[in-house]
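Engineer: Here you go, one structure.
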Amino acid sequence: PHGHEDDYEIVRPIGSGSFGQVFLVLHRWEQRQYVMKNIELKDTTKEGSEATELEVQLLRGIQHPNIVAYQDSFVNSLGHLCILMEYCEHGDIHSYLQAAKKAQKVPDEQHLLEWFVQITLALHALHTKKILHRDLKTQNIFLTGYRRENIFALKLGDFGIAKVLDSTTDLAKTQIGTPFYMSPELINNKPYSYKSDIWALGCVLYEIVNGQRAFDAQSLNGLALKIIKGNYTPITASCSPATRSLIKSTLGTKATHRPTLKEKGRFSTRP
Ligand code: ADP
Ligand code: MG
């Protein structure tokens, strides 16, 4: 069952991201809200756009409590690839952390580690299916309804799209991948690997613990230099030695030294 643009009514624009415009839409028959990403394709032949659509359909097979579900995809009358996904009404954790910082509210470590565990479970589910996320960052981690008092359930979004779009859009080529989360091997033009996702996971953990980016600089060159040296800004937040050492190992400059998601001891939630 393929979706069609007539099934959805645009409610309002949510913003524009690295892949194009993003809308909140309403499915007319289901009366349910979804997020729709509209992406201009470079390869506008029928075969080309159908191939891209097919790749997105593959991502629909992934169902996990901590992963934003892909609902549908189709090419609309303008030839734009439209990807429909679950709407996460509480926004992303990047905005959440910024608001918390402004209000001078420091979330406690236990709470943040619960977040980290959920993100890790989601990434584990992808890696087990041999899917790389490729665009892991705090802007792609969403908050959903309350799970327990004051603790949100997190959902990881935008997985796999970077790969799908890499060959099919001009947009993707220039804008994909926030440079802040790029691993040393990516800076050195090596291919993306599971360990590049782990590096980005380390950057995310650092950011939720310390309230700022692990690597930041005024220029791209300055940033690249810091990343290659693994020179992240010292952690100033109060944080346990175990968390510090986890950050240190996930941000190892040598990809082989970073943990995988299979090593029980290092990513385990229980002592
Ligand atoms: P980015 O490149 O920053 O990841 P996106 O295209 O993914 O950009 O998203 C653009 C905007 O839409 C962001 O503000 C993001 O928080 C929001 N957004 C994206 N996906 C969802 C979703 N599933 N639910 C709610 N908001 C979303
Ligand atoms: Mg995104």
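Read-outs: derived from the displayed coordinates by stated rules, not from any lab. Keep in mind the model is a prediction, meaning the values are calculated, not measured. Positions of Cβ are generated from backbone atoms using ideal geometry, with glycine treated the same way; all protein chains shown enter the neighbour counts.
Engineer: List the residues whose amide H sits under 5 Å from the amide H of Q21, counting only those 5 or more places along or on another chain, with H placed 1.01 Å from N in the peptide plane.
Structural biologist: So Q21 has HN proximity to N38.
Engineer: Separate question: According to the square roots a ≥ b ≥ c of the eigenvalues of the Cα gyration tensor, what is the shape class of segment 1-155, taking rounded for a/c under 1.5, prolate for a/b larger than b/c otherwise, and oblate for the remainder?
Structural biologist: prolate
Engineer: Right, next: Taking N as the number of residues in the chain, what is its Cα Rg relative to 2.2 N^0.38 Å?
Structural biologist: After normalising by residue count via 2.2 N^0.38 Å, the value is 1.02.
Engineer: Also, quick follow-up: Would you work out if segment 195-268 is rounded, prolate or oblate? Take a ≥ b ≥ c from the square roots of the eigenvalues of the alpha-carbon gyration tensor; rounded if a/c is under 1.5, else prolate when a/b is larger than b/c, oblate otherwise.
Structural biologist: Oblate.
Engineer: Out of S249, S193, S219, any idea which swings most in a Gaussian network model of the chain, alpha carbons joined below 10 Å?
Structural biologist: Of S249, S193, S219, the Gaussian network model singles out S219 as fluctuating most.
Engineer: Straight-line reach from K42: which aspartates and glutamates fall under 19 Å, measuring Cα to Cα and dropping same-chain residues less than 8 apart?
Structural biologist: E50, E53, E55, D166, D170
Engineer: Further question on the same structure: Skipping prolines and chain starts, which residues have an amide H placed within reach, meaning under 5 Å, of the one on Q71, given they are 5 or more residues away or on another chain?
Structural biologist: L84, M85, E86
Engineer: Measure nothing fancy, just the Cα-based angle from helix 109-128's long axis to the longest principal axis of the chain, in degrees from 0 to 90, nearest 10.
Structural biologist: So the helix axis and the longest Cα principal axis differ by about 50 degrees.
Engineer: Determine ³J(HN,Hα), in whole Hz, for all residues of segment 24-38 in sequence, where each value follows from phi through the Karplus function 6.51 cos²θ - 1.76 cosθ + 1.60 and θ = phi - 60°; x replaces Gly and Pro.
Structural biologist: Taking θ as phi minus 60°, the curve returns 8, 10, 10, 6, 4, 8, 6, 6, 10, 8, 9, 9, 10, 9, 10 Hz for segment 24-38.
Engineer: Relative contact order, percent, of the chain when contacts are C-alpha pairs under 8 Å separated by at least 6 residues?
Structural biologist: 15
Engineer: With axes computed from alpha carbons, what is the tilt in degrees of helix 194-210 against the longest principal axis of the chain, rounded to the nearest 10 within 0 to 90?
Structural biologist: That works out to roughly 70 degrees.
Engineer: Checking the cross-link filter: which aspartates and glutamates have an alpha carbon closer than 12 Å to that of K254, excluding same-chain neighbours under 8 positions apart?
Structural biologist: The reachable aspartates and glutamates, counting only those whose Cα sits under 12 Å from K254, are E185.
Engineer: Under 12 Å from the Cβ of D216, count the other residues' Cβ atoms, weight Lys and Arg +1, Asp and Glu -1, and hand me the total.
Structural biologist: +1
Engineer: Using DSSP to define loop residues, name the GluC sites (Glu not before Pro) in segment 62-161 whose beta-carbon has at most 13 other beta-carbon atoms within 10 Å.
Structural biologist: E89, E149
Engineer: Return one number: the angle in degrees, 0 to 90 and rounded to the nearest 10, between the long axis of the Cα atoms of helix 241-250 and the longest principal axis of the Cα atoms of the chain.
Structural biologist: 50
Engineer: For segment 39-130, what's the relative contact order in percent, using C-alpha pairs closer than 8 Å and at least 6 residues apart?
Structural biologist: Relative contact order here is 25 percent.
Engineer: Report, ordered by chain and residue number, the aspartates and glutamates lying within cross-link reach of K101, taken as a straight Cα distance under 16 Å and ignoring same-chain residues fewer than 8 apart.
Structural biologist: D92, E109, E207
Engineer: Could you work out the helix-only [θ] at 222 nm for the chain, with each DSSP H run of four or more residues adding -39,500 (n - 2.57) and the total divided by the number of residues, to the nearest 500 deg cm²/dmol?
Structural biologist: -11000 deg cm²/dmol
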